[in-house]
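J.: Just passing along the structure, written as structure tokens.
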Amino acid sequence: MARLRDCLPRLMLTLRSLLFWSLVYCYCGLCASIHLLKLLWSLGKGPAQTFRRSPREHPPACLSDPSLGTHCYVRIKDSGLRFHYVAAGERGKPLMLLLHGFPEFWYSWRYQLREFKSEYRVVALDLRGYGETDAPIHRQNYKLDCLITDIKDILDSLGYSKCVLIGHDWGGMIAWLIAICYPEMVMKLIVINFPHPNVFTEYILRHPAQLLKSSYYYFFQIPWFPEFMFSINDFKVLKHLFTSHSTGIGRKGCQLTTEDLEAYIYVFSQPGALSGPINHYRNIFSCLPLKHHMVTTPTLLLWGENDAFMEVEMAEVTKIYVKNYFRLTILSEASHWLQQDQPDIVNKLIWTFLKEETRKKD
């Protein structure tokens, strides 16, 4: 009996792990089947249209707009990877580091690059695998610990020991992890439309609606097929994400211009440009939940109430993981793409948070 009692916790852990991975792979199969049906439907309507792709040899002019900042590159010694970023504001000012989400790149921070350069050295990074940043081939190169180390090494390479860290979507996930693992590096943490990682993993298993909204996490576990589905019909999926009624920027938001949208399509239509971003997701289930999860940095969480991918209830739960000043602001009628959707309001809220004195929780 004593041996049985000793073995029972390990047995329960094994069964929970088995159940978890069974759920992951079953849902992967379901998502793949749904997308395969979509492909067959598209082929039935018009094979030529399905495989059509407009040539894009030159980047849109908005990507070289001098008002956004200067294009720079830095090579990290340990990994050997070259990172691309756009920097605005004078060197020597406090650093504000901006981490984009999926499927985005540095350009998603165009409103913030212009806004905060008066008082900060604002750096909008292309994450590993995105845009002009190097993209390792193997999915193992996109584990969360690699992405965290990237940010630490980039700070060192830029000559800074700490920063104001802002992350949106997947960049928000990385920002949370940086604040957890290297709290001394983060003066203030600002996350847009992504909950604390433990909230996300616990909530998704208990709420079927969020499981459905996060179905792309499971679909992305499949090799090459997600990249293919993104590229058909001249990147129709990408256009749909930013412009459709269900997932795009809200009706009262700052709509993407034709040139803005073309900038996104140009970047992700380059050869192999989708594999790196999607590889970020192909390691997530082996990395979460976290062993260490408390945040000790003053934190601002901004949330678009009409986020098509993240339920707003997760934002409220996040505060239990922040053992410091925590402010949550939920913007009504705003979408997942919050810093592009409502840039004036977002920038004002960030300024207020940066300028106010924050006191640690008792």
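The values are calculated or read from the model by the stated rules, or taken from the named source; none is laboratory data. Bear in mind the structure is a predicted one, so any value in this text is a computation, not a measurement. All Cβ positions, glycine included, derive from the backbone under ideal geometry; neighbour counts span all protein chains shown. We work out accessible area using only protein heavy atoms, side chains counted, and drop any ligands, DNA or RNA first. Shrake-Rupley method; radii C 1.70, N 1.55, O 1.52, S 1.80 Å.
J.: Listed residues Ser161, Ser157, Ser118, Ser108; which is open to solvent by less than 20 Å² (accessible area, probe 1.4 Å) and among the polar types (S, T, N, Q)?
T.: After ruling out the rest, the residue left standing is Ser108.
J.: Can you find a residue that is of a type outside the set (Asp, Glu) and open to solvent by 60 Å² or more (accessible area, probe 1.4 Å) anywhere in segment 125-138?
T.: Within segment 125-138, one or more residues are of a type outside the set (Asp, Glu) and open to solvent by 60 Å² or more (accessible area, probe 1.4 Å).
J.: Working only within segment 65-81, note down all residues that are farther than 28 Å from Thr258 by Cα and assigned to a loop (DSSP other than H, G, I, E, B).
T.: Selection gives Ile76, Lys77, Asp78, Ser79, Gly80, Leu81.
J.: So, in segment 25-64, how many residues would count as being surrounded by 12 or more Cβ atoms within 10 Å (Cβ to Cβ), more than 25 Å from the chain's Cα centre (by Cα), part of a helix (DSSP H, G or I) and among the hydrophobic types (A, V, I, L, M, F, W, C)?
T.: 3
J.: I'd like the full set of residues that are over 16 Å from His196 (Cα atoms) and either open to solvent by 70 Å² or more (accessible area, probe 1.4 Å) or aliphatic (A, V, I, L, M) (or both), limited to segment 316-340.
T.: Leu331, Ser332, Glu333, Ala334, Leu338
Yes/no matrix, rows are residues, columns are (1) over 16 Å from the mean Cα position of the chain (by Cα); (2) within 17 Å of Tyr266 (Cβ to Cβ); (3) not in a loop (DSSP other than H, G, I, E, B):
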residue	(1), (2), (3)
Leu97	no, no, yes
Pro103	no, yes, no
Tyr107	no, yes, yes
Gln112	yes, no, yes
Glu115	yes, no, yes
Glu119	yes, no, no
Arg128	no, no, no
Thr133	no, yes, no
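J.: Give me the helices (runs of 4 or more DSSP H) completely within segment 209-270, filtered to those with at least 1 residues that are within 19 Å of Phe105 (Cβ to Cβ), open to solvent by 40 Å² or more (accessible area, probe 1.4 Å) and at pLDDT 90 or above, ordered by residue number.
T.: Ranges flagged: 225-243, 258-268.
J.: If you don't mind, there's one more thing I want to ask. Six or more apart or on different chains, Cβ atoms under 8 Å: show the pairs whose first residue is in segment 301-324 and farther than 23 Å from Trp337 by Cβ and aromatic (Phe, Trp, Tyr) and whose second is at pLDDT 95 or above and surrounded by 18 or more Cβ atoms within 10 Å (Cβ to Cβ).
T.: These pairs meet every condition: Tyr321/His196; Tyr321/Val295.
J.: Now for a different question. Hey, does segment 187-210 have a residue that's free of Cβ contacts under 8 Å to residues at least 40 places away in the same chain and of a type in the set (Asp, Glu)?
T.: Taking every residue of segment 187-210 in turn, none turns out to be free of Cβ contacts under 8 Å to residues at least 40 places away in the same chain and of a type in the set (Asp, Glu).
J.: Same structure, new question: Of all residues in segment 187-199 being open to solvent by less than 10 Å² (accessible area, probe 1.4 Å) and of a type in the set (A, V, I, L, M, F, W, C), which is farthest from Leu301 (Cα to Cα)?
T.: Val199
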